[in-house]
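K.L.:
I am attaching a structure below and will ask some questions about it afterwards.
The values are calculated or read from the model by the stated rules, or taken from the named source; none is laboratory data. The shown structure was predicted, so the numbers you read here are calculated from the model rather than taken from an experiment. Please note: Cβ atoms are built from the backbone with ideal geometry, for glycine as well, and neighbour counts cover all protein chains shown. Only protein heavy atoms, including side chains, enter the accessible area calculation; ligands, DNA and RNA are left aside. Shrake-Rupley method; radii C 1.70, N 1.55, O 1.52, S 1.80 Å.
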Amino acid sequence: MDPRQARGGFTLVELVISLSVVGVLLVILLPALSSARMSSRRALCAANQRVLGEAWTGYLESNQGCFPVLYDQAAWMYGGVRFSRVDGAAFLDHGRPLNRYLPGQHLAIPAEELFHCPGDRGITGEHSGVGTGRRTAYEAFGTSYRANTQLIGPKSDGVWANQPLPRAAITTAASRLVVMGDAAWYEVREGTGRLAAWHGAPDAGNMLFLDGSVRFVTIEPRPDVGAAVFDPLAPDLLFPRGE
């Protein structure tokens, strides 16, 4: 037979072996790729919150060291975006107090994207309320990050009854006091039965602390002792340093 007339190609056995090798590689690589993607989203989420932490610092410096008092959906309306009714595009809602203190330049992403956690899959659950339904928290509230209303919500029984909370009145260490974070913190702490597991852990998320640090921490339902504190007036002795 003339070699020039021979046709190249795979035999059935070679094809089966090749497909088997590809399948094994996919089984090995897919979990690693998924983990890398999750780690990247977690890192971007933490970077967003660090910039928002700078905005909180700017707000306090410009308002005599006092937090805002919000009466309507304080957990979400501290800052964030609205969506155009024409094309659905996001734009900063200038009626929300924190937005005025966002850095105006030198940002790697648009300012409105700072409020969008790339892992945001919404707040879901069958046993206690509908959460955000099919929407993400960002789509539902204009921000993925839920603020600590102990800092910005009105109080009737605290030392600042319906008055702005002064930074100087806070007794909890700044490195322990949560300012805001991934929505999971509220769902776990309050035992709502809903889920906001955006980074692979149902009871953990990125949290912004009053000292400006962002840490990925595990939340417990109303803990007596722990690293993450939500009560600004909690005596620091309840949360000994070094834990």
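K.L.:
Keeping the other protein chains in place, figure out the carbon and sulfur percent of the accessible area of segment 63-149, with a 1.4 Å probe. Before the final figure, lay out the partial values.
P.N.:
Details: 2320 of 4780 Å².
It is 49 percent, rounded to a whole number.
K.L.:
Moving on. So who's got an amide H within less than 5 Å of the one on I170, skipping anything under 5 residues away but keeping other chains? H placed 1.01 Å off N, in plane.
P.N.:
Under 5 Å from the amide H of I170: no residue qualifies.
K.L.:
Tell me, in nm to one decimal, what length is gained between D211 and A47 on full extension, where the rule is 0.36 nm per residue of separation less the Cα-Cα distance? Walk me through the numbers on the way to the answer.
P.N.:
On the way: separation 164, 0.36 × 164 = 59.04 nm, distance 1.49 nm.
Working it through step by step, the gained length comes to 57.5 nm.
K.L.:
FRET efficiency for M38 and V13, Cβ-Cβ distance as r, R0 = 41 Å, nearest 0.05? Could the numbers behind the result be given before it?
P.N.:
Working: r = 38 Å, r/R0 = 0.94.
Computed FRET efficiency for M38 and V13: 0.60.
K.L.:
Here is a further query. Which order, highest average first, do 163-175, 39-51 follow once you tally other Cβ atoms within 10 Å for each residue and take the mean per peptide? Write down the numbers at each step before the final one.
P.N.:
Working: 163-175: 15.5, 39-51: 18.2.
Top to bottom by mean Cβ count within 10 Å: 39-51, 163-175.
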